[in-house]
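J.: My questions all concern the structure below.
The values are calculated or read from the model by the stated rules, or taken from the named source; none is laboratory data. What you are looking at is a predicted structure, and each value in this text was computed from that prediction instead of being measured. A quick note on method: Cβ atoms are made from the backbone with ideal geometry, for glycine too, and the neighbour counts reach across all protein chains shown. Protein only, heavy atoms only, side chains kept; ligands, DNA and RNA dropped before computing areas. Shrake-Rupley method; radii C 1.70, N 1.55, O 1.52, S 1.80 Å.
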Amino acid sequence: MLKINNVTKTYGDSVKYQALKGIDLEVKKGEFVGVMGPSGSGKSTLLNLIGTIDKPTSGSITLDGSEPAKLNQEELAKFRRNQLGFVFQSFNLMPTLTVEENIVLPLTLDGEKVSVMKKALYEVAVTLGIESLLKKRIATISGGQAQRVAIARAMIHQPKLVLADEPTGNLDTKSSRDVMGLLSRLNQEEESTILMVTHDPFAASYCEKIIFIKDGELVQEIYNNGNRREF
Ligand code: ADP
Ligand code: ADP
């Protein structure tokens with residue numbers, strides 16, 4: 001489904017720095033993949049490229065055969081909204097809006113009908129157990145609750161691929177467990193494909209496969225059945 005083919009990323013014009021040095025990676029539909037590696041190894045860069053926030057310097061990234069780097073700004077915005085879901089460490093929710101306003105935001109931006117939005121909102125709220133929070137403002141809920149809301153927003157339009165950047169980074173042990181349980185259930189029950197960057201070994205324990213990046217290169221893949229592959 002997601003194919004990353006010999007991707008490099010170079011930052012800077014005068015002093016060039018190669019943050020990714022030729023990454024090859026394939027993620028299958030329904031997989032839950034973790035990305036780990038030391039700080040500065042290129043994890044965020046990789047996530048930004050896959051998330052179409054930035055473009056590779058060379059190589060290609062395709063999602064079900066379409067290559068976002070080839071789209072114009074308008075097509076790209078649509079691609080991002082329709083095909084991708086983002087869950088960030090800092091939640092990226094609008095503090096002054098209510099929980100339900102935040103969750104339906106991607107659909108509002110697409111001009112979706114209110115009846116369709118309501119149905120989608122109800123389904124995702126039940127799945128994530130946040131029905132009682134819908135009318136509250138983001139500023140008044142806890143970190144663990146906010147992360148659930150962020151996941152609800154990422155899932156509401158049933159994206160092909162969910163990109164999670166340190167989803168447990170700001171959470172206590174119990175909230176981390178809840179959030180990872182949720183992502184895991186979405187992965188197993190809704191067949192969501194998830195790519196998650198994490199430093200947290202507990203969060204990583206939920207992944208079927210973990211890829212390790214070091215100095216911009218893929219160095220190892222470990223599967224949860226114990227198999228591993230070195231590069
Ligand atoms: P990680 O997420 O693994 O910590 P990053 O992808 O953020 O790593 O960074 C990889 C390398 O690229 C680092 O050396 C970082 O300093 C550099 N880098 C990241 N973003 C930029 C940028 N916008 N401009 C220049 N260098 C950058
Ligand atoms: P709930 O969200 O209903 O409380 P759990 O958090 O216990 O459920 O588990 C949700 C899903 O995550 C289950 O499918 C379970 O198999 C899986 N899971 C729970 N703990 C772990 C773990 N430490 N590592 C990997 N998968 C786990």
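J.: Answer yes or no as to whether Asp178 is of a type in the set (Asp, Glu), within 16 Å of ligand 2 (Cβ to nearest atom) and more than 30 Å from Leu20 (Cα to Cα).
T.: yes
J.: Report yes if Lys28 is open to solvent by 70 Å² or more (accessible area, probe 1.4 Å) and more than 16 Å from ligand 2 (Cβ to nearest atom), otherwise no. Explain how you work it out, then say what you get.
T.: Working: open to solvent by 70 Å² or more (accessible area, probe 1.4 Å): yes; more than 16 Å from ligand 2 (Cβ to nearest atom): yes.
So Lys28 passes the test.
J.: A further question on this structure: Among the listed residues Lys174, Lys160, Lys136, which satisfies the condition of being at pLDDT 95 or above, open to solvent by 30 Å² or more (accessible area, probe 1.4 Å) and touching a helix residue (DSSP H, G or I) at 6+ places or on another chain (Cβ under 9 Å)?
T.: Result: Lys136 is the single residue among Lys174, Lys160, Lys136 that is at pLDDT 95 or above, open to solvent by 30 Å² or more (accessible area, probe 1.4 Å) and touching a helix residue (DSSP H, G or I) at 6+ places or on another chain (Cβ under 9 Å).
J.: Could I ask something else about it? Six or more apart or on different chains, Cβ atoms under 9 Å: show the pairs whose first residue is in region 117-131 and among the charged types (D, E, K, R) and whose second is surrounded by 16 or more Cβ atoms within 10 Å (Cβ to Cβ) and part of a helix (DSSP H, G or I).
T.: Lys118/Val104; Glu131/Ala125
J.: Can you find a residue in region 55-62 that is at pLDDT below 95 and small (Gly, Ala, Ser)?
T.: Checked region 55-62: no residue is at pLDDT below 95 and small (Gly, Ala, Ser).
J.: While we're looking at this one, here's another question. Taking helices (runs of 4 or more DSSP H) that do not extend beyond region 1-109, which have at least 1 residues that are within 16 Å of ligand 1 (Cβ to nearest atom) and of a type in the set (Gly, Ala, Ser)?
T.: Fully inside region 1-109 and qualifying: 43-50.
J.: Does Tyr206 fit the bill of being at pLDDT 90 or above, touching a Leu at 6+ places or on another chain (Cβ under 9 Å) and more than 16 Å from ligand 1 (Cβ to nearest atom)?
T.: Answer is yes for this residue.
J.: Suppose we keep only residues that are under 13 Å from Glu31 (Cβ atoms) and surrounded by fewer than 20 Cβ atoms within 10 Å (Cβ to Cβ) within region 207-231. Which one would you say is farthest from ligand 2 (Cβ to nearest atom)?
T.: Glu221
J.: Among the residues that make up region 12-23, is at least one of them farther than 22 Å from Gln89 by Cα and of a type in the set (Ser, Thr, Tyr)?
T.: yes
Each row is one residue, and each column tells you yes or no for (1) open to solvent by less than 80 Å² (accessible area, probe 1.4 Å); (2) within 24 Å of Gly181 (Cα to Cα); (3) among the aliphatic types (A, V, I, L, M).
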{"site": "Gln83", "(1), (2), (3)": "yes, yes, no"}
{"site": "Val87", "(1), (2), (3)": "yes, yes, yes"}
{"site": "Val99", "(1), (2), (3)": "yes, yes, yes"}
{"site": "Asn102", "(1), (2), (3)": "yes, yes, no"}
{"site": "Leu107", "(1), (2), (3)": "yes, no, yes"}
{"site": "Lys118", "(1), (2), (3)": "no, no, no"}
{"site": "Leu128", "(1), (2), (3)": "yes, yes, yes"}
{"site": "Thr140", "(1), (2), (3)": "no, yes, no"}
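J.: In addition: Check region 147-154 and report whether any residue there is assigned to a helix (DSSP H, G or I), within 12 Å of ligand 2 (Cβ to nearest atom) and either among the hydrophobic types (A, V, I, L, M, F, W, C) or within 14 Å of the chain's Cα centre (by Cα) (or both). Write out each step before concluding.
T.: Here is the first cut: in region 147-154, the ones assigned to a helix (DSSP H, G or I) are 147-154.
Among the residues that remain, those that are also within 12 Å of ligand 2 (Cβ to nearest atom) are: 148, 151.
Now restrict to residues that are either among the hydrophobic types (A, V, I, L, M, F, W, C) or within 14 Å of the chain's Cα centre (by Cα) (or both): 148, 151.
Yes, that holds for at least one residue.
J.: Kindly indicate which of Thr57, Thr52, Thr45 is within 27 Å of Ile213 (Cα to Cα) and open to solvent by 70 Å² or more (accessible area, probe 1.4 Å).
T.: After applying the criteria, what remains is Thr57.
J.: Kindly indicate the residue of region 190-202 that is in contact (Cβ under 8 Å) with a residue 24 or more places away in the chain and surrounded by fewer than 17 Cβ atoms within 10 Å (Cβ to Cβ) and also nearest to Ala152 (Cα to Cα) among those meeting that condition.
T.: Filtering region 190-202 down to residues in contact (Cβ under 8 Å) with a residue 24 or more places away in the chain leaves 190-200, 202.
Adding the requirement that they be surrounded by fewer than 17 Cβ atoms within 10 Å (Cβ to Cβ) leaves 190-191, 199, 202.
Numbers: Glu190: 13, Glu191: 15, His199: 23, Phe202: 22 Å.
Among them, the one singled out is Glu190.
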